[in-house]
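The values are calculated or read from the model by the stated rules, or taken from the named source; none is laboratory data. It should be emphasised that the depicted structure is a prediction, and the values quoted were computed from it without experimental measurement. With ideal geometry, Cβ positions are generated from the backbone for all residues, glycine too; neighbour counts draw on all protein chains shown.
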Amino acid sequence: MDKQTKIIIGIIIIAAIAVIGYTAYESQSKPVSSEQIKIGFIGPLSGDGVIYGETEKAGLEIALKEINNAGGVSGRLIKIIYEDSQLDPAKAVSAAKKLIEVDKVLAILVCSSDESFAIKPITEANKILLLTGGAFNSQLFKDGEYIFGFWPTSEKTAADLTNFLVKNYKRVAIISNNVGDNIEIYDYFIDDFQKLGGKVAAAEKAAWDEVDYKTYLTKIKVQKPEALFVNAYGDFAAVSIIEQAIKLGMEVPIYGNYAFSGGALRETLKEKAEGLIFVDAPGLNNPENPKGSAFLEKLEKTYPGYVSDWEAATRYDALYLLAQAIEKVGINTEAIRNYLHNLEGFKGALGMFHFGPHGEFLGVKNQFKQIKNGQFVPYSE
């Protein structure tokens with residue numbers, strides 16, 4: 001074999017290897033089927049709650065892009081069909097029926113507890129998977145086979161705060177917005193605190209959109225509680241309550257719920273917010289959770305206006321979890337339901353978690369946080 005022949009053979013071999021490598025790459029990065037896997041999303045994409053819907057959509061879009069760019073799931077791309085509920089349960093019902101009957105979706109991702117309660121009977125009857133986001137009402141997970149949550153429940157949140165406060169205080173007061181999950185936390189907190197030997201000196205409920213809390217706070221002040229739990233519906237309500245409490249001269253330690261994690265608290269109250277302690281889902285910027293930190297970095301680049309890193313991550317993990325289930329058991333809602341119920345643990349941006357008998361979120365605990373130097377940091381006694 002002469003030198004020229006060897007060179008020609010070498011070129012042919014190199015070209016063949018390149019073609020094989022390119023083909024292998026293409027098989028990994030391109031879908032083998034034109035049929036898409038359809039997933040529905042119902043949430044507020046306009047109106048008062050748009051920030052929550054857009055936050056969840058941001059987390060979902062990051063996962064969608066990553067999964068589809070990697071070739072999809074079992075050779076099929078995922079398609080998200082978005083429906084705007086404006087946080088209206090009636091609109092959520094219409095959207096769910098359309099997604100199930102017309103679009104033939106495999107699963108529905110939903111934003112709030114009120115929307116979840118409204119559409120749960122429909123998804124259960126049709127054996128459609130329902131994956132909740134910012135919905136943590138415990139009653140959602142007392143029954144049902146196809147519902148799965150991604151947030152510690154209200155019952156757990158109330159218990160955590162009760163156990164935290166009863167160690168230092170015997171007489172506390174609570175002020176709450178009279179809406180959905182907040183009322184459940186309100187009821188559980190009062191019951192739990194009293195069962196542990198404490199006394200609820202005052203308990204006040206205001207409308208979800210209340211702006212003047214002075215009457216409620218004045219009643220609380222008269223009772224002279226040792227501490228005040230502000231169970232607010234959103235960070236703007238928390239700001240209003242705290243500002244008005246300060247103006248009334250209420251010199252009492254204030255503790256809060258998830259609403260304290262909103263940006264309005266730090267931006268509006270500034271130094272007045274220093275030292276405030278609240279219970280919330282754990283933050284993602286944690287060295288022990290590299291997936292959470294990596295997701296947070298992506299979120300801040302793509303959607304810096306997010307209201308909650310945790311809420312965005314619920315959608316990110318939900319889509320990846322669905323993709324994993326489909327890879328394992330195929331496109332069958334009953335098989336996926338069983339897979340999720342039997343899952344020992346899924347390590348996502350939220351941390352390592354699994355589900356209880358009726359889809360309740362387990363494995364990741366609430367965290368107490370404190371505002372220090374304008375930042376949210378883990379609280380340490």
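Brief remarks on what is shown
- Considering the conditions (1) in the same structural domain as Glu56 (by TED's automatic domain parsing); (2) crowded, with 21+ Cβ neighbours inside 10 Å; (3) outside any helix (DSSP H, G or I), Ile371 is excluded by exactly one of them, (1).
- Residue within region 360-380 that is in contact (Cβ under 8 Å) with a residue 60 or more places away in the chain, of a type outside the set (D, E, K, R) and closer than 18 Å to Ile39 by Cβ present: no
- Of the residues making up region 304-342, those that are assigned to a loop (DSSP other than H, G, I, E, B) and either in contact with an Asp or Glu (Cβ under 7 Å, 6 or more places away or on another chain) or under 19 Å from Lys127 (Cα atoms) (or both) are Gly330, Ile331, Asn332.
- Output for region 322-340, where each listed residue is in contact with a Phe, Trp or Tyr (Cβ under 8 Å, 6 or more places away or on another chain) and in contact (Cβ under 8 Å) with a residue 40 or more places away in the chain: Thr333, Arg337, Leu340
- Among the residues listed as Leu140, Leu165, the single one being part of a helix (DSSP H, G or I), buried (at least 20 other Cβ atoms within 10 Å of the Cβ) and more than 17 Å from the chain's Cα centre (by Cα): Leu165
- Residues that are assigned to a helix (DSSP H, G or I) and in contact (Cβ under 8 Å) with a residue 40 or more places away in the chain were ranked within region 189-223; the one that is nearest to Glu115 (Cα to Cα) is Phe189.
- Filter result for the condition that a residue is surrounded by fewer than 19 Cβ atoms within 10 Å (Cβ to Cβ) and either closer than 20 Å to Asn366 by Cβ or modelled with pLDDT under 90 (or both), over Asn285, Asn257: Asn285
- Selected residue (criterion: farthest from Tyr306 (Cα to Cα)) from residues of region 75-97 that are touching a helix residue (DSSP H, G or I) at 6+ places or on another chain (Cβ under 6 Å) and among the small types (Gly, Ala, Ser): Ala96
- Options Lys57, Lys79, Lys104, Lys98; residue that is part of a strand (DSSP E or B), more than 19 Å from Gly180 (Cβ to Cβ) and either in the same structural domain as Glu145 (by TED's automatic domain parsing) or among the basic types (Lys, Arg) (or both): Lys79
- Pairs linking a residue in region 258-269 that is in the same structural domain as Ala312 (by TED's automatic domain parsing) and touching a residue at least 24 places away in the same chain (Cβ under 8 Å) to a residue that is among the hydrophobic types (A, V, I, L, M, F, W, C) and part of a helix (DSSP H, G or I), with Cβ atoms under 6 Å and 6 or more positions apart or on different chains, do not occur.
- All positions within region 348-368 that are surrounded by 14 or more Cβ atoms within 10 Å (Cβ to Cβ), part of a strand (DSSP E or B) and of a type outside the set (Gly, Ala, Ser): Phe353, His354, Phe355, Phe361, Leu362, Gln367, Phe368
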